[in-house]
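> Handing you this structure, nothing more for now.
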Amino acid sequence: SSPQHRVAAAIAQRFRHAASTGTLRTGTGSLGGTSERPPMRGSASSLAVGDFDFDPWEPPSAGEHVGSGWVMRERNPLRMTWEFLLGACLVYTGTAFIYRVCFVELHIPKPIIENRELFGHMDTFMTGFFITDLVFNFFFSYRDHRGVEVDSLRRIAKHYFCGFFVVNLIACTPEGVVTSILDSTGVSDYNTSGSVGHLPAVIRLARLRRVSRLTQLPRILRLVKLASFRHTPTWTWFEKARWMRVLNNGMFLIWVIHLLACGWYLNAALHDDPEETWVARRAVDTEGNISLLSQGPLLQWTHSFYFILVVFTTVGFGDMSATTTGEIIYICITMMIGTVFHSIIISEVINIVTTVDKTHAFVAKQNELMTAFAEHVELDDNSRRLMSAWISYSANGWMSHGFDREEVKALITDKCMPRSLLGRLPNSLFGGALVRNSFVAIRGGPTELPPRLPLLFALAVSRGHFEVGEVVYQRHDLASNVFL
């Protein structure tokens, strides 16, 4: 049962089959024939001489499911509930939490200490929640590069350690640990020195201790790993909806601007003298007598968000600018980030709108053909309205299902497709309905079909929907279609 014996058995099986069918080819280093029979378990589809690796598309063996009873798969209700709560916590961390740290706890000229006890309880809950999630991820399945859901504890642990484990561990670091590290660098000496000359350094290091709480921000990277919702029909519908795609791009742009706006204010909060920062230079009245420095967190966030949005859109009104070295460096980085993100989002929105225009143009063309036909045959108004409604309803489907069948046929008949993948696909065609159809199924059932036959047959068929009692075909009609 060793891998070498399994490969040897597979080679012998392929030789016997090739000898019986006369399909053994030489000179290519391949032992694969042209038979369409699905491969046996453990066989290697594109085995080369000296190659002892199995087909990567082969279904996992029983040994790959060790400990799977402890694993929560994507459709597990408990996991879906947990990831819903996790998503809500991540959204809070990426929006309200960073706002509170930058604009409330690091508010200049002095921090705001209202509701500190409430926020402390919230932070304790969030830290405990994410520490629990750090452990739970060892029992959550994942999808590999082939899209196959893996439920082996050993492979899950290896994948987790090589992926998001370090990020999650850093994000779960308690604030006290980071504060102790900062204290060991000399913060305690500054706090006890009492020297007036050290006052700016004391203020800056005290602010750094609050900034250390931003180590929780890497948690938001987990949003891309919430897999249990990505394969549900509802999520798929949301991903395909054009208005939702435009809304997602807009919300993502707003979120990126919010993060950079918090960083822009944080840059000012870390200066020794707040009077030198953009917050002090910014006036909030028409006469220029009231400084933004004397205003509350919400108004300061509004001006910070406004400035970053102006930088992102490259408008440049000139009413705010960077002066200090720290501000200049931060704005240079912001402009580079803004150039990339703004270009990507705008191009995506243009692509979505262009696709909609193409669909509308296709539907309009079909309606023009119907109108010309209706005038030619002198249809009444009611019949025209019914045909127009049918075309408007069906043309979107015609547009979305259009593809080059010859190119797909060449892809299917290409010998480079793994044979185990080729044997897996027929049972997935139209939800398995095609290979179970009595017209297609031959001999012993779908497993006896040559795997390429259903794939090529599927190129020539399409699914139709009929109402109860509707006439599908009459005996004397011209046989232009075959109804399965």
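> Please specify each residue of region 72-90 satisfying the condition of being touching a residue at least 24 places away in the same chain (Cβ under 8 Å) and out of contact with any strand residue (DSSP E or B) (no Cβ under 7 Å at 6 or more places or on another chain).
Residues satisfying the conditions are Arg75, Asn76, Met80, Trp82, Glu83, Phe84, Leu85, Leu86, Gly87, Cys89, Leu90.
> Output the residue which, of all residues in region 341-396 that are of a type in the set (Asp, Glu) and without any contact (Cβ under 8 Å) to a residue 12 or more places away in the chain, is most open to solvent (accessible area, probe 1.4 Å).
Of all residues in region 341-396, those of a type in the set (Asp, Glu) come to 348, 357, 368, 375, 378, 380-381.
Those left that are additionally without any contact (Cβ under 8 Å) to a residue 12 or more places away in the chain: 357, 368, 375, 378, 380-381.
Numbers: Asp357: 88, Glu368: 125, Glu375: 112, Glu378: 153, Asp380: 82, Asp381: 104 Å².
The extreme case among them is Glu378.
> Could we say that Val311 is in contact (Cβ under 8 Å) with a residue 24 or more places away in the chain and in contact with a strand residue (DSSP E or B) (Cβ under 9 Å, 6 or more places away or on another chain) here?
Answer is no for this residue.
> A further question on this structure: Quick check on region 98-110. Is at least one of its residues closer than 19 Å to Phe165 by Cβ and open to solvent by 60 Å² or more (accessible area, probe 1.4 Å)?
no
> Among (1) surrounded by 10 or more Cβ atoms within 10 Å (Cβ to Cβ); (2) within 30 Å of Glu276 (Cα to Cα), where does Phe317 come up short?
Phe317 satisfies every listed condition except (1).
> Moving on. Might you check whether a residue that is farther than 23 Å from Val256 by Cα, assigned to a helix (DSSP H, G or I) and out of contact with any helix residue (DSSP H, G or I) (no Cβ under 8 Å at 6 or more places or on another chain) occurs anywhere in region 91-107?
no
> I would also like to ask the following. Name, by its number, the condition in (1) loosely packed, with under 12 Cβ neighbours inside 10 Å; (2) more than 19 Å from the chain's Cα centre (by Cα) that does not hold for His145.
Of the numbered conditions (1) loosely packed, with under 12 Cβ neighbours inside 10 Å; (2) more than 19 Å from the chain's Cα centre (by Cα), the odd one out for His145 is (2).
> Please specify each residue of region 417-473 satisfying the condition of being farther than 25 Å from Glu407 by Cβ, touching a Leu at 6+ places or on another chain (Cβ under 6 Å) and either modelled with pLDDT of 80 or more or open to solvent by less than 30 Å² (accessible area, probe 1.4 Å) (or both).
Once the filter is applied, which keeps residues that are farther than 25 Å from Glu407 by Cβ, touching a Leu at 6+ places or on another chain (Cβ under 6 Å) and either modelled with pLDDT of 80 or more or open to solvent by less than 30 Å² (accessible area, probe 1.4 Å) (or both), region 417-473 yields only Asn437.
> Right, next: Here are the criteria: (1) under 32 Å from the mean Cα position of the chain (by Cα); (2) loosely packed, with under 12 Cβ neighbours inside 10 Å. Tell me which single one Ile331 does not satisfy.
Result: Ile331 fails condition (2) only.
> Here's something else I'd like to know. Just to verify a result, which residue in region 111-141, among those that are modelled with pLDDT under 85 and among the hydroxyl-bearing types (Ser, Thr, Tyr), is surrounded by the fewest Cβ atoms within 10 Å (Cβ to Cβ)?
Ranking the qualifying residues of region 111-141, first place goes to Thr124.
> While we're on this one: Applying the selection to region 148-169, what residues are buried (at least 17 other Cβ atoms within 10 Å of the Cβ), of a type outside the set (S, T, N, Q) and touching a Ser or Thr at 6+ places or on another chain (Cβ under 9 Å)?
Val150, Asp151, Leu153, Ile156
The values are calculated or read from the model by the stated rules, or taken from the named source; none is laboratory data. What you are looking at is a predicted structure, and each value in this text was computed from that prediction instead of being measured. Note that each Cβ is placed from the backbone with ideal geometry, even for glycine, and that neighbours are counted across all protein chains shown. Accessible surface is based on the protein model in full, side chains and every heavy atom, while ligands, DNA and RNA are left aside. Shrake-Rupley method; radii C 1.70, N 1.55, O 1.52, S 1.80 Å.
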